[in-house]
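Report on the structure given below.
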Amino acid sequence: MSYGQYHASTVYDSALFKDAFGSQEMRTIFNDISLVQKYIDVEVALAKAEAACDVIPKQAAAEIVALCSIDKLDFDLLKEETDIVGYPILPLVHQLVKQCGEAGRYIHWGATTQDIMDTAVALQIREGLAIVERDIKELRVCLQNLSVTHKETLMAGRTHLQHALPITFGHKTSIWLSMLDRHYDRLQQLKPRVLVGNFAGAAGTLASLKDSGLDVQTALMQELELGVPECSWHVARDNFAEVVNFLGLVTGSLGKIAYDVMLMATNEIGEVYEPFVKGRGSSSTMPQKRNPISSELILASAKAVRQQAGLMLDAMIQDFERATGPWHAEWIAIPESFISTAGALHQAKFMLNGLIVDKNKMRENLGLTRGLIVAEAVMMGIAPFIGRQQAHDVVYDACRKVNENGGTLAEQLYDISIVNAHFTHQQIDELTDPANYLGVTQLMIEHTLACSRRRD
């Protein structure tokens, strides 16, 4: 038996864990082959841009376009020289020069290593964000549907882990939806800032290209369909830091949703469950277990991306015109953040698209406090007749008697003369019905849905 595929040492490449904490689609964007291909794409685009600006011969650029090929690379040699140099671009250029013969003298003309690497990462980020955007859109549709379906599904709203006031499950899912809607907006807003290439030469001045520098820069970015930088950003890393912190926001919101689902799936609450798949979430020793695996994986991914977001903020503090090390931290943080985010989005789509909602259990839990969840409704209902503070004191005493003696809030209110003076038993029943104390829940859900749909 061959164990070759089991030699990975991180969850991102592990044959056992890689699809729990990522996706093949996202890993492909950030693997070595894809990255080196993007280095080549940038070098080729640079040759075309410089030929268009009459910086290098057009024939040389044509040969570079035709002859540069990842299939002809010696990756073992590339790896060996990268270990020596510390960066992969010079070793790559060595091989591309040989591939292109006489035209090879014009490869990497006027560029510096970081120009090529930063621009290649911008291309990776563009592809990665396209996947994130697609998955956010799918999740928004799922949450829109849940909000419509459960617009009137009564449940207990909880604050500080205690029953607070009645809500509907659609109200909860519309809050989840609003978070994803805002992330969709953030993504549209950050693209023009982030999907920008970097071409500025050794110290950010393009001195090697003299008066043609800015023309080449513009032509290069047009060739790659990236934004043209306002100035060199070799040591101005807010753009890439923004991307990873955006991913931190996305996974943070997914983590909040996952945390809600995990708590609601406890045996003591039992209001929602992740989709049933035979064997999923089972225990090696407890056959009855149905662990919320997707939620757990989402939470873990959210924590991982949050750490990388902090690393990116740390890496922003760079020295002078080219950094001595913080830049390298991005090589760790950016791929891992995108892969973790892809994993969290995948788990969220699986969980929410198949979420099992137990309406009966929600209604049963709503009655656990025997009417106390609508104490505020009763207080506000009788306050116009006896005064706000006296109403508070009356209801407070009634709640205490329910806790001490049992029964329901309505039954306690039946026996209070000052309440009976203004309300019949039927009116008291109406005051203590959770369905009658939802405020503007329905309007909020409808407004959230309308705003969400306008984005599509």
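Of everything in region 318-357 that is surrounded by 14 or more Cβ atoms within 10 Å (Cβ to Cβ) and of a type in the set (Asp, Glu), the residue that is nearest to HIS171 (Cα to Cα) is GLU336.
ASN360 falls short on exactly one of the conditions (1) assigned to a helix (DSSP H, G or I); (2) surrounded by fewer than 17 Cβ atoms within 10 Å (Cβ to Cβ); (3) under 36 Å from the mean Cα position of the chain (by Cα); (4) touching a residue at least 40 places away in the same chain (Cβ under 8 Å), and that condition is (4). For region 102-158, the set of residues classified as part of a helix (DSSP H, G or I), within 30 Å of ILE269 (Cα to Cα) and hydrophobic (A, V, I, L, M, F, W, C) consists of ILE136, LEU139, VAL141, CYS142, LEU143, LEU146, VAL148, listed by residue number.
Let's see how each residue does on (1) within 26 Å of GLY371 (Cβ to Cβ); (2) crowded, with 22+ Cβ neighbours inside 10 Å; (3) of a type in the set (A, V, I, L, M):
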{"site": "LEU139", "(1), (2), (3)": "no, yes, yes"}
{"site": "LEU143", "(1), (2), (3)": "no, yes, yes"}
{"site": "THR149", "(1), (2), (3)": "no, no, no"}
{"site": "MET155", "(1), (2), (3)": "yes, yes, yes"}
{"site": "ARG158", "(1), (2), (3)": "yes, no, no"}
{"site": "ALA164", "(1), (2), (3)": "yes, no, yes"}
{"site": "PHE169", "(1), (2), (3)": "yes, yes, no"}
{"site": "LEU177", "(1), (2), (3)": "no, yes, yes"}
{"site": "TYR184", "(1), (2), (3)": "no, no, no"}
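The one condition from (1) within 30 Å of SER337 (Cβ to Cβ); (2) touching a residue at least 60 places away in the same chain (Cβ under 8 Å); (3) not polar (S, T, N, Q) that TRP109 does not meet is (1).
The sole residue among THR432, THR441 that is hydroxyl-bearing (Ser, Thr, Tyr), modelled with pLDDT of 90 or more and under 46 Å from the mean Cα position of the chain (by Cα) is THR441.
In the set (1) over 22 Å from SER174 (Cα atoms); (2) among the charged types (D, E, K, R); (3) out of contact with any helix residue (DSSP H, G or I) (no Cβ under 9 Å at 6 or more places or on another chain), ASP397 fails one condition alone, (3). How many residues, within region 239-294, are modelled with pLDDT of 95 or more and either in contact with a Phe, Trp or Tyr (Cβ under 6 Å, 6 or more places away or on another chain) or on the phi > 0 side of the Ramachandran plot (or both)? Here the count works out to 1.
If the condition is being among the hydroxyl-bearing types (Ser, Thr, Tyr), closer than 16 Å to VAL357 by Cβ and out of contact with any Phe, Trp or Tyr (no Cβ under 9 Å at 6 or more places or on another chain), then region 150-173 contributes THR168, THR173.
Pull up region 13-48, narrow it to residues that are small (Gly, Ala, Ser) and part of a loop (DSSP other than H, G, I, E, B), then point me to the one that is farthest from LYS79 (Cα to Cα). Looking at residues that are small (Gly, Ala, Ser) and part of a loop (DSSP other than H, G, I, E, B), I get ALA20.
Across region 49-101, what is the number of residues that are touching a Ser or Thr at 6+ places or on another chain (Cβ under 8 Å), outside any helix (DSSP H, G or I), of a type outside the set (A, V, I, L, M, F, W, C) and more than 24 Å from HIS328 (Cβ to Cβ)? Qualifying residue count for the region: 1.
Does region 36-52 contain any residue that is touching a Lys or Arg at 6+ places or on another chain (Cβ under 7 Å), over 30 Å from VAL250 (Cα atoms) and not assigned by TED's automatic domain parsing to the domain that holds ILE298? Full working, then the answer.
Start the filter on region 36-52 by keeping residues that are touching a Lys or Arg at 6+ places or on another chain (Cβ under 7 Å), which leaves 51.
Subsequent filtering for residues that are over 30 Å from VAL250 (Cα atoms) retains 51.
With not assigned by TED's automatic domain parsing to the domain that holds ILE298 added as a condition, the list becomes 51.
So far as region 36-52 goes, yes, one or more of its residues are touching a Lys or Arg at 6+ places or on another chain (Cβ under 7 Å), over 30 Å from VAL250 (Cα atoms) and not assigned by TED's automatic domain parsing to the domain that holds ILE298.
Out of MET380, MET362, MET351, one residue alone is touching a Lys or Arg at 6+ places or on another chain (Cβ under 9 Å) and either at pLDDT 90 or above or closer than 28 Å to TYR437 by Cβ (or both). It is MET380. Residue pairs whose Cβ atoms lie under 7 Å apart, sitting 6 or more positions apart in sequence or on different chains, and linking a residue in region 380-403 that is of a type in the set (Phe, Trp, Tyr) to a partner that is at pLDDT below 90, are PHE385/HIS422.
VAL228 meets all of the listed conditions (1) at pLDDT 95 or above; (2) crowded, with 20+ Cβ neighbours inside 10 Å but one, namely (2).
For region 363-376, how many residues are in a helix (DSSP H, G or I), among the aliphatic types (A, V, I, L, M) and touching a strand residue (DSSP E or B) at 6+ places or on another chain (Cβ under 8 Å)?
4
Among the residues of region 198-220, none qualifies, meaning not one is under 30 Å from LYS137 (Cβ atoms) and either more than 32 Å from the chain's Cα centre (by Cα) or free of Cβ contacts under 8 Å to residues at least 40 places away in the same chain (or both).
The values are calculated or read from the model by the stated rules, or taken from the named source; none is laboratory data. Here the structure is a predicted model, which means the values were calculated and not measured. Here Cβ is always computed from backbone atoms with ideal geometry, including for glycine, and neighbour counts include all displayed protein chains.
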